[in-house]
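Asker: A single structure is presented below for examination.
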Amino acid sequence: FYESGYRATSMESIADELSATKPFIYYHFKNKYDILEAIAVRVIELANESLSKALEDGGEPVDVLAGMVRNYARLVVEEQRIIAVFWREESNFTPETLSKVLEQQQRFTGMLCEVLEQGQAQGQFKVSHTRLTALAIMNLVTFMYTWYRDGGAMAVDELCDHFVQYTLHMVQHTSVRTGGAATVGDDLG
C-alpha cells in the first residue's frame, strides 16, 4: 500500500512481498480491505499509546506535553510507512472504519486538550482555543511523515526536541527558572 497505493495493490503482491502464499494471507484477512482497516486501527492505537505513556509518566503539564510531543514525533518517524498509508488511503475507509478512527482521534485530541487546560489553569500555558491548539499540535507532528527521511541532517532525538520547542512556543509556555537552571523551552527566544 505504501509503495503502490491501496487500489493498485493486489493480494498476490502482498503475498509476494511477505514471501507467503495467498491462502496464508486469506487465513488472517478475509480481503484486502481488512488489511487496510487493520493498519488504520493500529496507527490510531499507537498514536493514543504515545500520548497515554506521557500521561502515565506524569509531572507538570509542560513535562507531560513535552513527553506527548516527543513520543508522538518518535512514533511518526518509526512508523512512517503505516502512518503514510493511513493518511493517504483515508478516502478508501468505509463509514464503519471512519467512525472507529474518528472516535480514537477524538480521544487523542481530548488527551492533548486535558493537558493544555491543566497548563492553562496553572499559568504555564497561554492558549486562546484549546481544541484548535491541540489539533495544530497533532498536525504539526503528524505530517512529518511526508518529508522525514532516514539519514537526514538531524538525529531523531534532535528532531523531537525541535518539535517540543515549536509546541511550547505555540502554547506560549511561560518559562520558570529554578536554581539557575532553565526549564524546557527557555531557549525559544
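Asker: Being small (Gly, Ala, Ser), modelled with pLDDT of 95 or more and either more than 13 Å from the chain's Cα centre (by Cα) or part of a loop (DSSP other than H, G, I, E, B) (or both) is true for just one of Ala66, Ala73, Ala20, Ala15. Which residue is that?
Answerer: One residue alone meets the criteria, Ala66.
Asker: Out of everything in region 61-88 that is farther than 19 Å from Thr109 by Cα and acidic (Asp, Glu), what residue ends up being most open to solvent (accessible area, probe 1.4 Å)?
Answerer: Taking the candidates together, the pick is Glu78.
Asker: Same structure, new question: Residue check, Phe24 against (1) without any contact (Cβ under 8 Å) to a residue 60 or more places away in the chain; (2) buried (at least 18 other Cβ atoms within 10 Å of the Cβ), all met but one. Which one?
Answerer: (2)
Asker: When you look at Asp63, is it farther than 18 Å from Val141 by Cα and out of contact with any strand residue (DSSP E or B) (no Cβ under 7 Å at 6 or more places or on another chain), yes or no?
Answerer: No.
Asker: Related question: So, Phe29, is that one farther than 25 Å from Tyr148 by Cβ and open to solvent by 20 Å² or more (accessible area, probe 1.4 Å) or not?
Answerer: Here the answer is yes, as Phe29 does meet what is asked.
Asker: Name every residue in region 89-137 that is out of contact with any Phe, Trp or Tyr (no Cβ under 6 Å at 6 or more places or on another chain), touching a residue at least 60 places away in the same chain (Cβ under 8 Å), open to solvent by less than 60 Å² (accessible area, probe 1.4 Å) and part of a helix (DSSP H, G or I), in order of residue number.
Answerer: Thr97, Val101, Gln104, Gln105, Phe108, Met111, Leu112, Val115, Ile137, listed by residue number.
Asker: Inside region 32-47, can you point out the residues that are basic (Lys, Arg) and either loosely packed, with under 11 Cβ neighbours inside 10 Å or without any contact (Cβ under 8 Å) to a residue 40 or more places away in the chain (or both)? Full working, then the answer.
Answerer: If we filter region 32-47 for residues that are basic (Lys, Arg), which is where we start, we get 32, 42.
Passing the criteria: only Lys32.
Asker: Assuming Arg7 fulfils every condition listed in (1) open to solvent by 80 Å² or more (accessible area, probe 1.4 Å); (2) without any contact (Cβ under 8 Å) to a residue 12 or more places away in the chain; (3) assigned to a loop (DSSP other than H, G, I, E, B) apart from one, which condition is it?
Answerer: Checking Arg7 against (1) open to solvent by 80 Å² or more (accessible area, probe 1.4 Å); (2) without any contact (Cβ under 8 Å) to a residue 12 or more places away in the chain; (3) assigned to a loop (DSSP other than H, G, I, E, B), the one that fails is (2).
The values are calculated or read from the model by the stated rules, or taken from the named source; none is laboratory data. Quantities reported herein were computed from a predicted structural model and do not represent experimental measurements. Please note: Cβ atoms are built from the backbone with ideal geometry, for glycine as well, and neighbour counts cover all protein chains shown. Side chains included, ligands, DNA and RNA excluded: accessible areas come from the protein's heavy atoms. Shrake-Rupley method; radii C 1.70, N 1.55, O 1.52, S 1.80 Å.
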